[in-house]
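The values are calculated or read from the model by the stated rules, or taken from the named source; none is laboratory data. For clarity, every value in this text was computed on a predicted model and none was experimentally measured. Backbone-built Cβ (ideal geometry, glycine too); neighbour counts: all protein chains shown.
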Amino acid sequence: MVNATKGLFISCDIPMAQFIINLNSSLPASQKFIIHVMDSTHLFVQPHVSEMIRSAIADFRDQNSYEKPN
């Protein structure tokens, strides 16, 4: 019998993958979303978390942006 799981495949660079893994590990066990870490640049996650991941990445980028003062 075949077991299949619906999910979202993420391909990214190593630092972004580590950011997503760290985000996952900061959540309680009932809210963890990573199904499988395939390698250092590919993750398989639950499909309903795509917007949450995008939002967390946008917040992280906003916090780490530098704007030159006038």
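Take Val37 and decide whether it is of a type outside the set (D, E, K, R) and at pLDDT 95 or above. It is true that Val37 is of a type outside the set (D, E, K, R) and at pLDDT 95 or above. Selection of strands (runs of 3 or more DSSP E) fully inside the chain by the criterion of at least 1 residues being over 11 Å from the mean Cα position of the chain (by Cα) and exposed (fewer than 10 other Cβ atoms within 10 Å of the Cβ) returns 34-39.
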